[in-house]
1. Could you list, in sequence order, all residues of segment 97-133 that are in a loop (DSSP other than H, G, I, E, B) and either aromatic (F, W, Y) or in contact with a strand residue (DSSP E or B) (Cβ under 6 Å, 6 or more places away or on another chain) (or both)?
2. Can you find, within segment 101-143, the residue that is surrounded by the most Cβ atoms within 10 Å (Cβ to Cβ) among those that are over 16 Å from the mean Cα position of the chain (by Cα) and either of a type in the set (D, E) or within 15 Å of the ligand (Cβ to nearest atom) (or both)?
3. Six or more apart or on different chains, Cβ under 6 Å: which pairs go from a residue in segment 176-198 that's closer than 19 Å to E302 by Cβ to one that's part of a loop (DSSP other than H, G, I, E, B)? Could you list them?
4. Kindly indicate the residue of segment 257-292 that is under 18 Å from R224 (Cα atoms) and among the polar types (S, T, N, Q) and also least open to solvent (accessible area, probe 1.4 Å) among those meeting that condition.
5. Scan segment 137-169 residue by residue and report those that are over 23 Å from G242 (Cβ atoms), in a loop (DSSP other than H, G, I, E, B) and among the aliphatic types (A, V, I, L, M).
6. Going through G254, G242 one at a time, which residue ends up being away from the ligand (no atom under 14 Å from the Cβ) and either in a loop (DSSP other than H, G, I, E, B) or surrounded by 12 or more Cβ atoms within 10 Å (Cβ to Cβ) (or both)?
7. Here are some residues: D223, D293. Which one is modelled with pLDDT of 95 or more, closer than 27 Å to A91 by Cα and among the charged types (D, E, K, R)?
8. Give the residues of segment 183-207 that are assigned to a loop (DSSP other than H, G, I, E, B) and within 10 Å of the ligand (Cβ to nearest atom), sorted by residue number.
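The values are calculated or read from the model by the stated rules, or taken from the named source; none is laboratory data. It should be emphasised that the depicted structure is a prediction, and the values quoted were computed from it without experimental measurement. Positions of Cβ are generated from backbone atoms using ideal geometry, with glycine treated the same way; all protein chains shown enter the neighbour counts. To get the accessible areas, we keep the full protein, side chains included, count just its heavy atoms, and leave off ligands, DNA and RNA. Shrake-Rupley method; radii C 1.70, N 1.55, O 1.52, S 1.80 Å.
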Amino acid sequence: MRAAVYESTGAAHEVLRVEDIPRPDPGPGEVLVRVRASGVNPTDHKTRAGATARPIDEFQVPHQDGAGVIEAVGAGVDPARAGERVWVWLAAFGRRWGTAAEWTVVPARQAVPLPDGVSFELGASLGVPAMTAHRCLFADGPIGGKTVLVAGGAGAVGHYAIELAKHAGARVASTVSTPEKAELATKAGADLVVNYRDADAVDQIRAFLSAADRPVADRPVVDRVVEVALGANLGLDLALSGPSTVVVAYAADGKDPVLPVRACMNANVTLRFVLLYGFPAAALDAAVAGVTDALAAGALTELPVRRFPLSEIVAAHQAAEGGVVGKVIVTP
Ligand SMILES: NC(=O)c1ccc[n+]([C@@H]2O[C@H](COP(=O)([O-])OP(=O)(O)OC[C@H]3O[C@@H](n4cnc5c(N)ncnc54)[C@H](OP(=O)(O)O)[C@@H]3O)[C@@H](O)[C@H]2O)c1
């Protein structure tokens, strides 16, 4: 099969190649998926670049997320699953067989039925971003009727955080940095979108919270913050935090925050950190179930897509690393 591979870490143009390699067979409990779309996430290019240390077993086919059709099943898997359209999560976690190839093999549980009418590109955009967003929103209980602040609502995780929160009945405010990104966050369903560079960003969000149809104590606070840049935003988050607030940080780009302990105590805030690779199995299952429910309800949409054929895998990684607005999809 044609596959993107790397054998050592480094810059995309130095280590990524497209080659013919033997197609894997599904082992016990696994399914063979013909890949129609392969999603690129920051974790994929960070791992390839060597920024996050992960051992390579001879070679690595990159990309955790994908979507396609089950072509064969291994021992112990219901043969009726052959022919099923699926989205795939964590294909390359501790395994060679990422989705940047014509076929991948994954444990059957990591190939989830894709509802009729949902595109392969949307399916290939879900695993890392939507499952992470789900954990950020729901690790501390239901959010129906609550208020959620999503930092960076035009990013992949931010986008699904807005859509999953709206689907769950929350009121959502989001921050962005440009009008183009504001449009994306609004389209995803955010009730309020604020440019985080505005000097009065906190006041804009407070005014939105005060307008909420619920009792407000001495100052309005949000119930959840889905935070992409804790170092940059902790001050803003704390200004909107109280005893009901959980600030959930899921990214480690940029500067680490200096923790203002007194301000955190004053707010009685809870800080949580989230990394998909360490989710308990029950949280992964809950995320798959939550994403499936939202998909079936038509509540999840794609960000604008930049498509690359497999032969242009280097350009695809460079586009993702360059901070493209929207989603990079590779089509094997
Ligand atoms: N913990 C986990 O399991 C997990 C899972 C998925 C992703 N991640 C990490 O999370 C990060 C984002 O992933 P992604 O796929 O969503 O990336 P993405 O699609 O590139 O989105 C990142 C977004 O963050 C925004 N942003 C940057 N600085 C910001 C700030 N100070 N305030 C508000 N927004 C800000 C960016 O917009 P502007 O630059 O215009 O503000 C951009 O829209 C990456 O570092 C990734 O590795 C971690």
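1. Of everything in segment 97-133, those that are in a loop (DSSP other than H, G, I, E, B) and either aromatic (F, W, Y) or in contact with a strand residue (DSSP E or B) (Cβ under 6 Å, 6 or more places away or on another chain) (or both) turn out to be G98, T99, A100, E102, L114, A124, S125, L126.
2. E102
3. V176/G153; V176/A154; K181/A154; L184/A154; A185/G153; A185/A154; A190/G153
4. The selected residue is T270.
5. A154
6. G242
7. D293
8. Y196, R197
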